[in-house]
Structure formats: C-alpha cells, structure tokens
Amino acid sequence: MTSSLHLWLIPLVPFAGFLVNGLLGRKLPKSIVSAVALIATAIPFVQVANVWFHLSGISLPYIEHLGTWIQTGVFSAGFDLQLDHLSMVMLLIVTGVGFLIHIYSVGYMAHEEGYWRFFAYLNLFMFFMLTLVLAENFLLMFVGWEGVGLASYLLIGFYFLKKSAADAGKKAFIVNRIGDFGFLLAMFLLVQHFGTLSFGDIFAQITQHPEWQGGVLTAIALFLMLGAAGKSAQIPLYIWLPDAMEGPTPVSALIHAATMVTAGVYMVARTHVIYDRSPLGLTVVAIIGAATAFFAATIGLVQTDIKRVLAYSTISQLGYMFLACGVTAYSAGIFHLVTHAFFKALLFLAAGSVIHALGGEQDMRVMGGLWRKLPITFWTMTAAVFAICGLPPFAGFFSKDEILYLAYLAPNGGKVFWFVGLVTAFLTAFYMFRLWYLTFFGESRAQERMLSEHGAAVHASSTSTLVLEADPNERVHSHGVHESPWVMLVPLIILGILSLVGGWIGVPPDLRGHNEIGHFLDPLLNPKGAFEGSNQLALTLAIVSTLTALAGWLLAHIFYFAKPELPVKLAAQLRGLYALLLNKYWVDQIYGAIIVTPLLLISRYLLKGLIDTGVISGATYGSAYTTYGFGALVQRIQSGNIRSYAGWLALGAAVLLIVTYFGFTAHFH
Amino acid sequence: MVPISYYLVLSAILFSIGVAAFLIKRNIISIFMSIELMLNAVNLTFVAFAHQWHQVSGQIFVFFVMVVAAAEAAVGLAIIIAVFRSRNTLNVDQVDLMKL
C-alpha cells in the first residue's frame, strides 16, 4: 500500500458529480446525467473496497491532514479525515448501498421531471454523508451533519409543487435544527473543557483521566444525544421521519432508512468514550432507544400507507440501535445498523417497485395479490421481511438477537430493556407480515381499481392516507400492473442476497459462529470486552426471540390472510386504542398545540406586532415622520417672496444685534 | 470740529432708511439702491472712525467695500436684466416661482 490512501477523493468525487449535474444537468440528456451520477458514486465505492482489501497493511486509525480550517491562539480545527474500523464499516455501507440505490433510481425516476436535479441532490448527499463519516473532528462532522440535513430537505421537497412535500421538507429541516442545537452546545462544551474538537485528542485526554466521571461529560453526552435524536428520528424528535416519505422512494431508502438516519447511532458509537464515563447519559440513550422502538412499532401496526409503515419501522429499528448503544453494546448497534441498511433499503426499494408498478399507489388497502405479478419484487421483499422480523438465518436475526442478548446482560437496565425489545420484535413481526400479506396476498384489490379508474379518478376517490407521488396520468401505464425494469430489479436482488447473508458476519460464538464484525469493531468500541454470558442463556434467548417473531407472523397470518374480517371487528371493539394508534398518539397535534401554536402566536403578535411593528419600525418611521412634520412646518418660510426673505434677514440681523449687545453686557458685568 | 457722534447718527439714519426701503420697496432696482445706501452708510462710519483714530485702515476698508459694491452692482444688474427679459416686470412680488 502506498503512503497515502487519498481519502479526500471519497467525498469529493460525488461532489464533482453534484457540480456537473447541478450546473450542466438541465441541458444534458438523461443518459449522461445518470452516467455522471453513477460514476461519481462508483469511484468512491471502488476506492473504499480497495482500502478494505488492503486493510491489513494499514495502521489504524489512519489520519489524513488536508489543511487547516480554523487557527486561533488556543484552538485549531483542520480538514482531517480519519479511517478506522468504525468509519471503514460505515464507508462500505454508505458507498455500497448508496451505489445500488443510485442504480435503482435510474429506473425509478426515468419518467420524472427534474431527473438531473434528483441525481445532483443524491450526489450532494453522498458528499456530505461521506464527509460526516470520515471526519476526524466534531466540526468537520458537523459540516457533514448539516449537509446531509440540507440534502434531505432538498430531496423530501423534491416534488416541491405539492404543498405536503414542501411542508414535509421544512418540517424535517426545522426539527433537525433542534437536534443540531444540542450538537452545537455539546461542541461548545467540548471546546471549553478540552480546548479541541479532534476526536483523537479528546478521547486521549479522557482516557488519561480515569477519575473523570459524569458531570460535564454527562452534559456533553446528553446534548450529543439530543443531536442524535434529531438526526436519527428518536423520541422526542422523531416526528419528521414519517412525513419525510413525501420524497421519492429511492430517497426514503437511501437517506431515511439506510444511511443518514443512522448518523446519530454512528455519532454515539464514535463518541462512546464520552458515554462510557456517563452512566446517566447511557441510561438516557437506552431508555430513549427502547421507548422509541416500542412506540414507533405500535404506530406502525395500523398505518395503511406502505411507506409510512416502513418509516415507523425505521424509527423503531433505530431505537434498537440506540438501545444497544445505551447498554454499551456499540458493536452490536453498528452491526444492526449494517444489517438494517441492507434490509430496510431493500424494503423501501421493493415498496418503490410496488408503487411504481401500481402507478403511484401507496395505500396498502388497495393492493393485494401482487405476488404473481411482481415475482422478483415479492421474493426480494420476502427476504427483507424475514430479515427485519429476525427469523434465522436472515440478517436481522443475528443483529437483533445480539442486541437483545447484550441488553439482557447489561448491568444498567437489563431485563426491562430486553423485554421491551422482545415485545417490539413481536410487534415488528406483526406489522411487517401485515404489510406482506396486504401487499402480495389475498384478492387483487388494485387490479379492478387500476382498470376501472384511471389517473385522476384514483386521486379523487382516494381516502385518508392515499398519497400520489406525481401526476398519476403520467405514471399509470396503460398496460396495468407490471414488473419493474431490470435496472431496478438488480439492486433488489443484490440487497435481497445481502439481507439473507449479511448477518453471517456476526454469528455469535454461542451459535458456532465467529462474530467477525464484533471482533473487527471491539478493539475500537469495546476495549474492555463483552459482558459475560453463558452459551445456554444465549441459545435460550435466541429461541425465545425467534418464537416471538413466529408468533407475530402467525397473528398477522390470522388477521390478514385467514380471517381478514377480524381486524375490522377488533378495531371497532377497541375503537379508542385504534384511534390512538392511527393518529400516532396525537403527538403531532400535541406538539402543534404546545410548541408550534404558542410560538406562532408569540411571533405574530408579540414579536411581529409589538416588537417589530411597534418598536423597531416605530422608531424608524417615527423619526422619519418627525423630520417630515418639522419640514412641513418650516417649509412655509420658503415662500419665494423676496421681500419676505428680506424681512427674515433683517429680523435675523436685529436678533443677532440684540443678542450680541446683551450678551456682551452680561459678560462684562 | 464736528463731533463723531454726528457722523454716527447720520450713518445710522442712512442705514435705517436703507433697511426700510429694502423691506418696503417692490421695484427690484429700488431694493438694489437701498442696499447701496446701506453700504454707503457703513462706509461713512468707517471713514469717521478712521479720521477719529488717525488710522488709515478704515479708509482702505472703504475701498474694498466700494470694489465689492461695484462688482455686486455689475452682477446684480445683469441678473435684473435677465429677470426683466423673461418676466417683463421688475416687481419682486411677481418673481416668486422658487417656492413649494
């Protein structure tokens, strides 16, 4: 291996792709736009893969200093990129899954307006995400952190002519700002107490002082968690992610499932040295993770929009990752991040394939019976559903099981977290198989609808949650439901294989595996070694969680395949609970009433009405009007009459004379 | 020997007549002449004091005033002619377009 790895190329090549497509794309044909975007993503992937194959020859962490950004007397920050075990894993996921989704998008977006814009934004996202992952200090990480938020905003609002999409983009951006506020405060505290923002320097200082516990470290940990909660859609800032489904489906797969939303988990794992010293911070992370996993799963039970189910499932799975971090099982959290990137990207892409086939239909209630018509989509999605439900030997089984097992052993929380995780696993299995049955089995509710009502009619007859991605007339193909083109199916198949085998990199020793990913990450993330458990316990817990997932499947089978009239009855009986879940616990409404409405009122009446109009405008307008009024008064002197001027002149002279005379008199006496 | 107060009183009377005419007269030529009257009243004062204190500077000042007055008369009469050509009047009350 040469002395330099040229890590800077990894983020900058997608940025070049963004510049080309963003500046020239409008005039370029679609084939060139897609070629530029794909090459700009393929090069980093190849480079990352190259680094990966030569990893044994590199001493980690490898740091590349590209220049100084800020240099003051006591503080400096540079453009430093870092490669270590953790960023290696993240790089592989971001570039690998990102490249697959770029390929898929070529097919998915083929009929869309603004094709060049879409790929320019996607490349911009890759640039910021790779910057975030490679950054060696908090400041550069924050650049990537903000940048992915920007790309997310642009892509959620991709169909910006639709008000709901534009609103969803704004909501995502504003909610993320709240989290970024926490990140910023954490950075200020770090600068104040450590005098640097470099990961290496800060962690070295903490390691040298084993007596530092809690205190300011807890404050930093909690502020960082606030940032992570914003970016990774955790309680209390998760509300933007379901709305983010307004974006095109590949965006949901790339940004809002596989990569960007996992940035919070990555950040917590990256800063685990701080969390390790803050028991309170860890407990908060674990509680937020467990609570989010559970609540998001319950909301997912009753959603009818296929993408919203997946959105809540993403929030729920991210909760698992935070739960893992909260019990100091960082490696397990990253492991779940990896497998989740495979199966959740696949779920979204497969859902996108279904939506594409149905001409923009997203309501599961009008799907059904699609498995014969979309065989490849069906089989790949099945792999993903099995993976997310944690059925062996699919990917999710190993990562989820690892988290539950380590949560069970963890000293700070232990069995409560394990139980919440188990219940969530049951709920996950239920709503994922519900989606599976509603979409692919039963009678084809879509078919007659597609044939009888074309285009706008679907729009008109749509019920509550039906969302159309674009003008349906363009998207509905006259020949009805059809399988997607190969350019979309190949990424599905690759991700399907990964959803099956992706977990095999982390088979625990208890199940006769070697837990390669754990051994790969542990030197960095868990130097003290894992918790002590027994083979017997691990096996028991694995069987319990598998049975739980099977029970969820069975229940979904009864509800949505064997006796489809049952859920309606149940919903009627438990009307209150059903409404609670369907309306997502009214959290949006509560936030609206508690935070948004008062803020709007204060802004409108106090800040705008009183301060802005009254004080600020009042002062400027007031002084202007005073001058104007005085001018109106004294302009009468300017009569144009020469004799009146002469009179004023004489009067002035007389006054001067009198003043001078009496002034002098007064002075001399 | 005429006391200086006589000169000063005469000067004050001439100056006051000038001011009064300056304020009252409407004919622009008359106003102009009243200005000359005021200037000459001041000149008289200068000369009187110069004689009183045996200082020549007062008399030199008078020359300056007369030069300035001559220049002023030249410019002023030129303006008056220009005004008369455009307005056909010398009444200042009718030359009042420079107002709001």
Using a cut-off of under 11 Å, list every residue of region B:1-35 whose amide N is near the label point 7 Å from the Cα of A:PHE662 along the Cα-to-beta-carbon line.
-> none
Do you know the relative contact order of region A:270-320, to the nearest whole percent, from alpha carbon pairs under 8 angstrom that are 6+ apart?
-> 38 percent
At 0.36 nm per residue, minus the direct Cα-Cα distance, what do A:VAL416 and A:LEU280 gain on full extension? Give it in nm, one decimal, please.
-> 47.3 nm
Inter-label distance, nm, simple model (7 Å from Cα along the C-beta direction), A:LEU547/A:ASP588 | 4.0 nm
Say R0 is 35 Å: what FRET efficiency, to the nearest 0.05, do A:ARG575 and A:LEU161 get from their beta-carbon distance?
-> 0.40
Would you kindly calculate the translational diffusion coefficient of region B:1-86, applying Stokes-Einstein with the Kirkwood radius from alpha carbon pairs, for 37 °C and a viscosity of 0.692 mPa s, and quote it in µm² s⁻¹ without decimals?
-> 234 µm²/s
Listed residue pairs exceeding 30 Å between alpha carbons, taken from A:LYS170/A:LYS415; A:LYS163/A:LYS373; A:LYS163/A:LYS344 = A:LYS170/A:LYS415; A:LYS163/A:LYS373
Label-point separation (nm) for B:LEU8 and A:ARG26, each offset 7 Å from Cα along Cα-to-Cβ?
-> 8.7 nm
Suppose every K and R has +1 on its Cβ and every D and E has -1 on its Cβ; what is the size of the dipole of chain A about the Cα centre, in Debye to the nearest 20?
-> 1420 debye
In peptide A:633-643, what is the residue-averaged number of other protein chain Cβ atoms found within 10 Å of each Cβ?
-> 4
Apply 1/(1 + (r/R0)^6) to the Cβ-Cβ distance of A:VAL487 and A:GLU113, taking R0 = 30 Å, and write down the FRET efficiency to the nearest 0.05.
-> 0.95
Put +1 on the Cβ of every Lys and Arg and -1 on every Asp and Glu Cβ in the protein assembly as shown; which of A:GLN213, A:SER484, A:LEU197 then has its Cα farthest towards the positive end of the dipole?
-> A:SER484
Note down the nm distance, to one decimal, between modelled labels 7 Å out along Cα→Cβ at B:ILE81 and at B:ILE24.
-> 3.1 nm
C-alpha long axis of helix A:415-440 to longest principal axis of chain A, angle in ° | 80 degrees
Write down Rg/Rh for chain A, rounded to two decimals, with Rg from the C-alpha atoms and Rh from the Kirkwood relation over Cα pairs.
-> 1.13
Shielding of B:87-96 by partner chains, average beta-carbon count, 10 Å | 2
Burial ranking of peptide ranges A:52-58, A:315-321, A:238-244, A:640-646 (average Cβ count within 10 Å, highest at the top) | A:315-321, A:238-244, A:640-646, A:52-58
Could you rank the peptides A:137-144, A:282-289 by their average count of other C-beta atoms within 10 Å per residue, with the highest value first?
-> A:282-289, A:137-144
In straight Cα distance, which lysines are under 25 Å from A:LYS27, not counting same-chain residues fewer than 8 positions off?
-> A:LYS162
Rel. contact order, % - alpha carbon contacts under 8 angstrom, at least six apart, chain A = 12 percent
With +1 on the Cβ of every Lys and Arg and -1 on the Cβ of every Asp and Glu, the dipole magnitude of region A:281-407 about its Cα centre, in debye rounded to the nearest 20, is 240 debye
Using R₀ = 30 Å, calculate the FRET efficiency as 1/(1 + (r/R₀)^6) where r is the Cβ-Cβ separation of A:PHE53 and A:ASN535; round to 0.05.
-> 0.35
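Read-outs throughout are calculated quantities, based only on the coordinates presented, and are distinct from any laboratory measurement. A quick note: this is a predicted structure, and the numbers were derived from the prediction, not measured. Every residue, glycine as well, gets a Cβ built from its backbone with ideal geometry; the counts of neighbours run over all protein chains shown.
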